[in-house]
Amino acid sequence: MPQTGAKAAPFTWLGVAAIVAGGALAAAIAHRPAQNLVWLVAYLVLVVGVAQYVLGAGQAALARRALPAGVLWGEWALLNLGHLGVIGGRLAELFTAVLVGTLAYAAALAWFVLALRGGVAGTRLLLYRLFALFLLLSSLVGVALTVARHYSFLAS
């Protein structure tokens, strides 16, 4: 099995940084929280932080051999471009940016799952794939909520 720390590093570093940034933002807005900023805190901590950490560390632990650097950095870039699209689109109320960001995020999740073909078989791999599916379904719920929010603004 490959060394997990080095191969998970881009995901774990940014994951931890996002958790810390979310916590700092929560502390900064605690005296007067705004809906968009509360959403941003949750997204930074749970999706950019925890989910990214688990995706990277899980992939590193479950791969039978070290994945090429191009795969790791490609996944990292696609995943985080997706995050940027979702965050920017949500804060600027640009539905198209949210949709494009979600598509990039979904493609990155598929890449994570496909990169583990031939990985260590068993319950851990199944749980990893179910986690990726949960993240995908959650992102679709986010798009649906964005659509509902977008159309409620149009109706008013």
Hey, A97 open to solvent by 40 Å² or more (accessible area, probe 1.4 Å), small (G, A, S) and assigned to a helix (DSSP H, G or I) or not: no
One residue from S139, S152 being assigned to a helix (DSSP H, G or I), within 20 Å of G89 (Cβ to Cβ), over 14 Å from the mean Cα position of the chain (by Cα) and among the polar types (S, T, N, Q): S152
Some residue of region 7-24 being outside any helix (DSSP H, G or I) and surrounded by fewer than 17 Cβ atoms within 10 Å (Cβ to Cβ): no
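Mind counting the residues in region 139-154 that are open to solvent by less than 90 Å² (accessible area, probe 1.4 Å) and among the aliphatic types (A, V, I, L, M)?
So the count comes out to 5.
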Selection within region 58-73 - open to solvent by less than 30 Å² (accessible area, probe 1.4 Å) and either under 18 Å from the mean Cα position of the chain (by Cα) or within 16 Å of L84 (Cα to Cα) (or both): G58, Q59, A60, L72
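Residue by residue, here is whether (1) surrounded by fewer than 17 Cβ atoms within 10 Å (Cβ to Cβ); (2) under 21 Å from L62 (Cα atoms) holds:
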| site | (1), (2) |
| --- | --- |
| W76 | no, yes |
| R90 | no, no |
| L103 | yes, no |
| R124 | yes, yes |
| L137 | yes, no |
Cross-chain or 6+ apart pairs with Cβ under 7 Å, region 79-107 first and over 14 Å from V47 (Cα atoms) and at pLDDT below 95, then buried (at least 19 other Cβ atoms within 10 Å of the Cβ) and of a type in the set (K, R): V98/R90
Subset of region 50-78 [of a type in the set (K, R) and either under 17 Å from L14 (Cα atoms) or at pLDDT 95 or above (or both)]: none
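The values are calculated or read from the model by the stated rules, or taken from the named source; none is laboratory data. This is a predicted model, so every value here is computed, not measured. Positions of Cβ are backbone-derived with ideal geometry, glycine not excepted, and every protein chain shown enters the neighbour counts. Heads up: the accessible areas ignore ligands, DNA and RNA and are worked out on the full protein's heavy atoms, side chains in. Shrake-Rupley method; radii C 1.70, N 1.55, O 1.52, S 1.80 Å.
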